[in-house]
Amino acid sequence: MVFGAGGRVGRAAVAEAVRRGHAVTAVVRDPDRHPEPAAAAGVAVVRGDATDPVAVAAAAAGHDAAVNATARLDVPSVEHFTAAARALLDGLGRAGVGRLLVLGIATTLETAPGVRIMDDPRFPAEYRAFSQGHVAEFELLAAEAGPLDWQGAPPGRRLGEVVPPMDLTPDAPATGRYTSAVGTVTGTGRISHADLAVALLEEIESPRHHAVQLAVSH
């Protein structure tokens, strides 16, 4: 299932999951505003809120894996991303879902040991505030996952974060090729939405990383 399935990355993740033969639930706050996922065979569109543990549990019942690609610009970034992290930990636990991937942001990656893109003094303050929400989300998941196992450790429940580069190309087709690195900037600094979705689904189907930010890029 994909939370935030109405956004560009969410739609790409739904499409890639369907291409791989998965039955997909696309979770959006307002299904009437997002008809695209419903047009694909094998996709059920449901109304849901990734920050509400009861709604998460109800939507997640019977699923094997979840992707969180949600974002909010109308509430403080830290508020949204930490609320979503707590609700997903709670709701997916109630539903017995065994795998979760969250979508990170490139500005939280390191350019040198201990130095993130967002730490540059020239980095715009408003973007730093949004990036801080992803930092808080990652820290909360790491601290409060409890029995929820981070991606890559069999068996059990798995959780991880996939981080795209700064430049996302919305309309380029999937090539199936990308580079990856743990916690640091990699590759060309750009990737298509379609290949980002490939990376997400490959990590869901065959987890290779554990308790890290996995940066992907062309």
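The values are calculated or read from the model by the stated rules, or taken from the named source; none is laboratory data. Bear in mind the structure is a predicted one, so any value in this text is a computation, not a measurement. Quick reminder, even Gly has a Cβ in these numbers, built from the backbone with ideal geometry, and neighbours come from all protein chains shown. The protein model used for the area step is the full one, side chains on, heavy atoms only, and it has no ligands, DNA or RNA in it. Shrake-Rupley method; radii C 1.70, N 1.55, O 1.52, S 1.80 Å.
Some notes on this structure:
- Restricting Gly21, Gly42 to residues that are open to solvent by 30 Å² or more (accessible area, probe 1.4 Å) and touching a helix residue (DSSP H, G or I) at 6+ places or on another chain (Cβ under 9 Å) narrows the list to Gly42.
- Residue identified as part of a helix (DSSP H, G or I) and surrounded by 23 or more Cβ atoms within 10 Å (Cβ to Cβ) among Ala13, Ala50: Ala13
- Residue check, Ala142 open to solvent by 20 Å² or more (accessible area, probe 1.4 Å), out of contact with any helix residue (DSSP H, G or I) (no Cβ under 8 Å at 6 or more places or on another chain), at pLDDT below 90 and in a helix (DSSP H, G or I): yes
- The set of residues in region 31-63 that are at pLDDT below 90 and either closer than 24 Å to Ala136 by Cβ or not aliphatic (A, V, I, L, M) (or both) comprises Pro31, Asp32, Arg33, His34, Pro35, Glu36, Pro37, Gly42.
- Out of Leu89, Leu73, sole residue that is within 30 Å of Thr188 (Cβ to Cβ) and not in a strand (DSSP E or B): Leu73
- So Leu214, is it part of a helix (DSSP H, G or I), among the hydrophobic types (A, V, I, L, M, F, W, C), open to solvent by less than 40 Å² (accessible area, probe 1.4 Å) and at pLDDT 90 or above: no
- Residue, modelled with the lowest pLDDT, within region 90-113, restricted to residues that are over 25 Å from Ala181 (Cβ atoms), open to solvent by less than 40 Å² (accessible area, probe 1.4 Å) and touching a helix residue (DSSP H, G or I) at 6+ places or on another chain (Cβ under 6 Å): Val97
- Test: residue in region 57-79 that is free of Cβ contacts under 8 Å to residues at least 12 places away in the same chain and crowded, with 17+ Cβ neighbours inside 10 Å: yes
- In region 171-183, the residue that is farthest from Ala17 (Cα to Cα) out of those that are more than 16 Å from the chain's Cα centre (by Cα) and surrounded by 15 or more Cβ atoms within 10 Å (Cβ to Cβ) is Ala181.
- Pick from region 184-211, criterion at positive phi and touching a strand residue (DSSP E or B) at 6+ places or on another chain (Cβ under 7 Å), ranking: most open to solvent (accessible area, probe 1.4 Å): Gly187
- Members of region 125-135 found to be more than 15 Å from Asn68 (Cα to Cα) and small (Gly, Ala, Ser), listed by number: Ala125, Ala129, Ser131
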